[in-house]
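Structure first, commentary second.
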Amino acid sequence: MIRALIFDLDDTLISERQYIESGYQHIAKVVGNKYGLDTEIVYHDLISLFNESSKNVFNRLLDKYGIEYDDELIFTLVEEYRNHFPKIEFYPDVLPCLEYLRSKDIKLGIITDGYANAQRQKLKAVKAENYFDEIIVTDELGREFWKPHPKAYEIMQKRLNVKFGEMVCVGDNPGKDFYIKNLYPITTVRVNRDGFYSKASYFEEVKEDIAMKSLSEIWFIEQILEVKHENLRSKINPKTGISNIIRCR
């Protein structure tokens, strides 16, 4: 039986794009106020530069304005970005999904990678502690324990007092969110919202057990609750990597 669902955060529960836009709005104010620039123009330039390439956006912005800078200034802007309190919200399908799972007495957790300060600010912004039993920011364990390292899952399993075979992990990133099924009998679910890692390669070619486009399809739990983990795994189509019996309502 499934007793716990563990969610990734970025592009699973919240939009990473929305977070980036919030961060750039903050940086636009910082840069605009410091150098007497129109903050709206600075914001649109940040977005334009990011759309061209996500690398060294702040450096390229200052180059565009002919502003001299050093590593300390770039570090300051990066810290401003990571520490800002973001204007973000859960995807519309998240709270109904969580409410449904709660009605089934399912325990809820989050395991999220990313710089600790930034992730904690995101979690505070959506009041995640009000909805989840346990939250693990892997950066607080050490950068070497970011997913796909199993440590966070092992800690979560103990904190929630469930067996690995009673856990379902929901994520979006093929590069790290589904490999855990190779180490423990955990069912994995991919929610593909066409986020930043929707085209990423699967780590070690390990694919999810179940694929969906939205958490509104999470009603599959009604069927998962009826089967053992290994029974579910045996019904995965080897050609598609998607369950033959579950395509979610």
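All of the numbers you see were taken from the coordinates with simple rules; none came from a lab. Everything numeric here is computed off the predicted structure, so don't read it as measured data. Cβ: placed from backbone, ideal geometry, glycine included. Neighbour counts: every protein chain shown.
Amide H contacts of Val170: Ile6, Phe7, Asp8, Val189, each under 5 Å away and 5 or more positions distant or on a separate chain (H built 1.01 Å from N in the peptide plane; Pro and chain starts excluded). Using the Karplus relation 6.51 cos²θ - 1.76 cosθ + 1.60 with θ = phi - 60°, the per-residue 3J(HN,Hα) values for region 69-85 come to 8, 10, 4, 5, 5, 5, 4, 4, 5, 4, 5, 4, 5, 5, 8, 5, 8 Hz, with x marking Gly and Pro.
From the list [x] 21.9, 77; [y] 18.3, 56; [z] 19.9, 63, can you say which value of Rg and Dmax of the Cα atoms in Å was derived from the structure given? Identified label for the calculated read-out: [z]. Rounded to the nearest Hz, the phi-derived 3J(HN,Hα) couplings of region 48-57 under the Karplus curve 6.51 cos²θ - 1.76 cosθ + 1.60 (θ = phi - 60°) are 4, 5, 5, 5, 6, 6, 7, 8, 6, 4, where x marks glycine and proline.
For the chain, the 222 nm mean residue ellipticity estimated from helices alone, with every DSSP H stretch of n ≥ 4 adding -39500 (n - 2.57) and the total spread over all residues, rounds to -11000 deg cm²/dmol.
Test of the criteria: in region 92-143, which trypsin sites (Lys or Arg not before Pro) are in a DSSP loop and have at most 15 other Cβ atoms within 10 angstrom of their Cβ?
Listed in order of number, the matching sites are Lys104, Lys127.
Residues of region 39-77 with an amide N closer than 15 Å to a point placed 7 Å from the Cα of Phe196 along the Cα-to-Cβ direction: 47-58. The calculated FRET efficiency for the pair Tyr69 and Glu154, based on their C-beta separation and a Förster distance of 35 Å, comes to about 0.25. Too long at a 32 Å Cα-Cα cut-off: which of Lys34/Lys147; Lys34/Lys199; Lys55/Lys147; Lys29/Lys181; Lys55/Lys127; Lys151/Lys199? From Lys34/Lys147; Lys34/Lys199; Lys55/Lys147; Lys29/Lys181; Lys55/Lys127; Lys151/Lys199, over 32 Å: Lys34/Lys147; Lys34/Lys199; Lys29/Lys181. PRE reach from Met1 (point 7 Å along Cα→Cβ): which of region 134-177 fall under 18 Å by backbone N? From region 134-177, the list is 160-168. One Cα centroid belongs to region 116-154, the other to region 176-203; the line between them spans 17 Å.
Quick check: from the Cα gyration tensor, does region 104-197 come out rounded (a/c under 1.5), prolate or oblate? In terms of gyration-tensor shape, rounded.
Within a straight-line Cα-Cα reach of under 16 Å, Lys104 can be paired with the following aspartates and glutamates, leaving aside sequence neighbours fewer than 8 residues apart in one chain: Asp133, Glu166, Glu217, Glu222, Glu226. Note on the chain: antiparallel DSSP beta bridges, both residues inside, total approximately 10 percent of the bridges counted. Amide H to amide H, with H built 1.01 Å from N, Ile135 comes under 5 Å of Ile110, counting only residues 5 or more places away or on other chains. Under a Gaussian network description of the chain, with springs only between Cα atoms under 10 Å, the residue in Tyr69, Tyr153, Tyr184 that fluctuates furthest is Tyr69. Rounded if a/c is under 1.5, else prolate if a/b beats b/c, else oblate: with a ≥ b ≥ c from the C-alpha gyration tensor eigenvalues square-rooted, which is region 16-83? Taking the square roots of the gyration eigenvalues as a ≥ b ≥ c, region 16-83 is rounded. Computed from Cα positions, the angle between helix 151-160 and the longest principal axis of the chain comes to roughly 60 degrees.
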